[in-house]
Each structure stands twice: as C-alpha cells, then as structure tokens.
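The structure appears right after this line, and notes come after that.
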Amino acid sequence: MNWNQTIKLIPEGVQTLSKRPCVHVEGVYPYWIVKGKGAHVWDEAGKSYIDYPCSLGTNILGHAFEPVVKAVKDQLDEGTLFSLPHPKETDLAELLKDTIPSLEMMRFLKTGTESCMAAVRIARAYTGRTPILCCGYHGWADWYNATTPKNAGSIAQDVTSFKWGDTKKLEELLIEKKPSGVIIEPYVYETEKEVETFLKEVRRLTDIHKVILIFDENVTGFRTKKLSAQAYWKVTPDLTCLGKAMGNGVPIACVGGKRDIMDVLTKDCFVSSTFGGDLLGISAAIATISYLRDHPVAEHIWTVGSQIKSAFNQAAQSIMQQDVVKCIGLPPRTHFIFPSAAHKGLFWQECLKLGVFFGHAQFVSYAHKQTELDTTTMAIRQALKIANKHWENPMEALQGKPAIETLRLITVPAPKVESQTIGTVISDSLKQVDDIAKEKSVAFVGSDAGKAVTECSEPVPSDPVKRGPGRPRKLTE
C-alpha cells in the first residue's frame, strides 16, 4: 500500500486524528496496523508489537477476544439491524443498570462524541438553560469543539471550560453562568485522593446550584475498579456518558441517568439514531460487560498499569537521574512526561524497535500478562539508557520526526514535572533541540500548539520502502 494513495483519498490518511503519523515518530512508526490478537498488533510488514494505545482504550479484553468475536458472529447470522427494536436492547439496558445503578434509563449510540452531545442536549432540555461548563476532552461535536484550537466550522454554544481540580473557579462559573450542566472527565492524570476530593466537591457544588452533573466516563468507564469512577469513588452523577471499552472495540456508546431527566427524550428533546439499535455493537457490549462482571478485569488492569508505571519511574530514577522524566496518572491510563517531544520520541523509537508500541497514553488490557510485562520492562530500561546517552541532543539519534501532541493533550495538557536540580541543563538542552529541529524543519507543538495540531504528514516518495523500525524514513525524504 502506498501512503500517498491513502492521503489523496483520506484527509491526513486517518479517520481518527490521534492515529496520524505525526503524533507518533513519523518515519519510524509503521503507517498501518493490519491485525491484532490479544495484547499484540502486527504492521503491514508482519512485525508484531505489544500494543499499549489499545485502540485509544477500546480493547479492554484484548484484540479479537473470543467471547466477543463469537457474540458478533452469531448475531451476524441472525441479522444486524431491524425496523423494530430487538429484545437484546433491553437485555443490555438491564445489564448496564445492574452494573452502573445511576443509569435508570438510557439510549444507545455509536460513539463517545455522540454520548456527550446527547447528554448536553438532555441537560439543556431538562433545565431550560443553555450554558454548559466542561472539564476534560469530550469529542468533536460543535458544543465542545468550539472551545478548542482546532475549531474551524464549529459554532460557539455558550460553553465554558475550567481546569480539573479548580473548584474555586467552578463555583465562580456556577454563579456567573447559571449553567444547565457541568460535564467532567472524572480523572485524567491525577492521584486517587485528588480524584475523590474533586468529585465530591463538584457534586456538592452542583447540588447547591441545582445544576445537572454529567460524568463523561467514555475513558474511565469499565477500566476503573468497580467498573466506573462513580462506583469506585461513590459519587453519583445525574447523567453518564459511556463508550470506548463498552464493546471491546466494536462501536457502541450510551447516555443514561436519572429517570426524570432522561424522560425529556419522550417529549420534545430529540436524540435518535438509525444505528443506535445496531445489534453487532449491542451483542459485543453484552458479551464484554458480562465478562467484565464475572472476571477481575479491572483489578488486573489496575495491577498491570501500576507495575508499568513503577517500572518506568524506577528505571528513570536509576538510569537517567533526571527528575523531569516521569510516568504519571492512575493505572488504567498513564502518561510519560519528558522535557521535549524529541526526548520522548527517542524513547518511543527505541521501545518500538524492541517490539513495544507506546503512544501519548498507555492503556492495558486483560490480555497484557506477565510475558508482555517482562518484555515491556526490559524495553523501557533499554530505551531510557539510549535516551540518557543522547540527553543533550536527542535529535542526533532520532530517526524520524518528534511527535506533535494530540488535540486532547492540547486542550487538557499534562502537568509539567518541574526540576529543582537541573533546570539550567534542561533549558540549555531544549534550546539545542529547538535549534536542530528548525534546521531540519521539524515542528514542535510547544511553540504553537494551535497551529501544530493542524499540521501533519507530507507526501512520501512515489515508491516508498516498507516502513517500520527496521527501515526508518529519512528526514530528507
């Protein structure tokens, strides 16, 4: 397959912007993944990798997980969509209500963006008020996208964002804006105690001001212990948005909540989708959630995620002796912090060569077992040694372009790890990296995030060689 052919037909070559070549190490990472099984994926050249992006967190049980595959195949033989509802819709609704009791009524959709869009519409319809307060990343619909840098074509809809943890600002906005709802991601990068404190205070404030509280659990749902953030921290929202891991990679999403609020859908609030009753997604969700309820999947994810986080931080301390390199976040979704895209890119590149595929966020699945953990730990140590060796000038060892940040990272930035001991060294190093990057025409997000998020891959030679860590693309191509 020729990448030029792909980008002529598909904008930037992808359906999901966080899959673009430029948000990985372009020229080193493969352009395509063609197969997945368990915790592993294969590129078009047949090389396998341990998969940590996990399809942006959707593959909670692993790729091609047999019980889910069987459920989908069985439904294919019976038909996938009909002109009237199917009993499985009720089966899934009952299963979800039993799993997340706050879902007294619900509607099924296909994507997380739709679930958030529906929740906002429902909140506005129920309260009769338009303003919305948001905290986190909530997809590409106008109501949210207009608040981001990549917003051309979106219409502003009286939506105001606030930073996670800033309950003082939230209280000010509740008084000033008198919103219909507050939609938040329960956690992104924080500690357990921080999450508990924040969620309880948000619930208290929204109760005082009679505002609908919406938990966007598209990422946290099913991956958190007790299968939701709301259950684990015992904070009940009014509405909940679910998606991603709900069908283990088969498209399915849900918006649900209190009966009296959801009842607006029986009146003049319109949320209706041809494929909302798609039985492939519904069958996959039933199989996935049933397995999650019967097996310690969330606990396994928490354990393995903790081990990877510890392995990285221990290796960083012992090998690099740099206190600006760290793995942060709760175990279901962790994030590596480096002082520049070039430093992180070099680490990613060396891990990829050893068969470990990292991205801007690390997820783990039930298929990540001790063998994968051992390989990953070894790769982390080896990659950090090389990153440390080229600390002053990572560009000299980087065989591709440093990754730009995703829109999620630009709108919800990861916290910085401040160095108290080597700040001058880091500053000098970053200046060197920036100078080299300019010479090679490599764009870094840090200087112009809004612009960088719109810029990605350029055409490659008409007869490109196979890509992958064994055949890096030269920056001069």
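If each DSSP helix of 4+ residues adds -39,500 (n - 2.57) and the sum is divided by the residues in the chain, what number results at 222 nm, nearest 500 deg cm²/dmol?
So the calculated ellipticity at 222 nm is -12000 deg cm²/dmol.
Placing a label point 7 Å from the Cα of residue 154 along the Cα-to-Cβ direction, no residue of region 348-392 has a backbone N closer than 19 Å.
Here residue 208 and residue 146 are evaluated by their C-beta separation; at R0 = 30 Å the FRET efficiency comes out at 0.60. Sort out for me the Cα centre separation of region 258-311 from region 376-408, rounded to whole Å. The two parts, judged by their Cα centres, are 35 Å apart.
Extension gain, residue 5 to residue 44, is 12.5 nm, computed as 0.36 nm per intervening residue step minus the present C-alpha separation.
When each of the peptides 198-205, 26-33, 220-227, 288-295 is scored by how many other beta carbons lie within 10 Å of its residues on average, the order from highest to lowest is 220-227, 26-33, 198-205, 288-295. Proximity of backbone amide H atoms, modeled 1.01 Å from N, is registered between residue 161 and 134 at under 5 Å, excluding neighbours fewer than 5 places apart on the same chain. What's the FRET efficiency of residue 91 with residue 306 using the Cβ-Cβ distance as r and R₀ = 22 Å, to the nearest 0.05? After rounding, the FRET efficiency stands at 0.05. For residue 326, a cut-off of 15 angstrom between C-alpha atoms picks up these aspartates and glutamates, skipping any fewer than 8 places away in its own chain: 190, 418.
Placing a label point 7 Å from the Cα of residue 66 along the Cα-to-Cβ direction, the residues of region 264-292 whose backbone N falls under 16 Å of that point are 288, 291.
Highest mean packing first, where packing is the average number of other Cβ atoms within 10 Å per residue, the peptides 370-381, 161-172 line up as 370-381, 161-172.
Hey, how many Å between the Cα centroid of region 117-194 and the Cα centroid of region 38-83? If we compute the Cα centre of each part, the gap is 32 Å. I'd like the orientation of helix 423-439 relative to the chain: the angle between its Cα long axis and the longest Cα principal axis, in ° from 0 to 90, rounded to 10. Relative to the chain, helix 423-439 is tipped by roughly 80 degrees.
Could you state the angle between the C-alpha long axis of helix 112-127 and the longest principal axis of the C-alpha atoms of the chain, as a value from 0 to 90 degrees rounded to the nearest 10? Long axis of 112-127 versus the principal axis of the chain: about 40 degrees.
Taking the alpha-carbon distance from residue 210 and a cut-off under 25 Å, which lysines remain once sequence neighbours fewer than 8 residues away in the same chain are dropped? Leaving aside lysines fewer than 8 places away in the same chain, those within reach of residue 210 are 97, 163, 168, 169, 177, 178, 200, 234, 258, 267. For residue 109, the amide hydrogen comes within under 5 Å of the amide hydrogens of 253, 254, 255, counting only partners 5 or more places away or on other chains and with H modelled in the peptide plane. Annotation: lysines with alpha-carbon distance below 20 angstrom to residue 19 (same-chain offsets under eight excluded): 8, 35, 37, 47, 110, 150, 244, 344, 353, 401, 451, 466.
Where a number appears in this text, it was derived from the coordinates with a stated rule and is not lab data. Computed from a predicted model, the values in this text were never measured in an experiment. Virtual Cβ from ideal backbone geometry, glycine too; neighbours counted across all protein chains shown.
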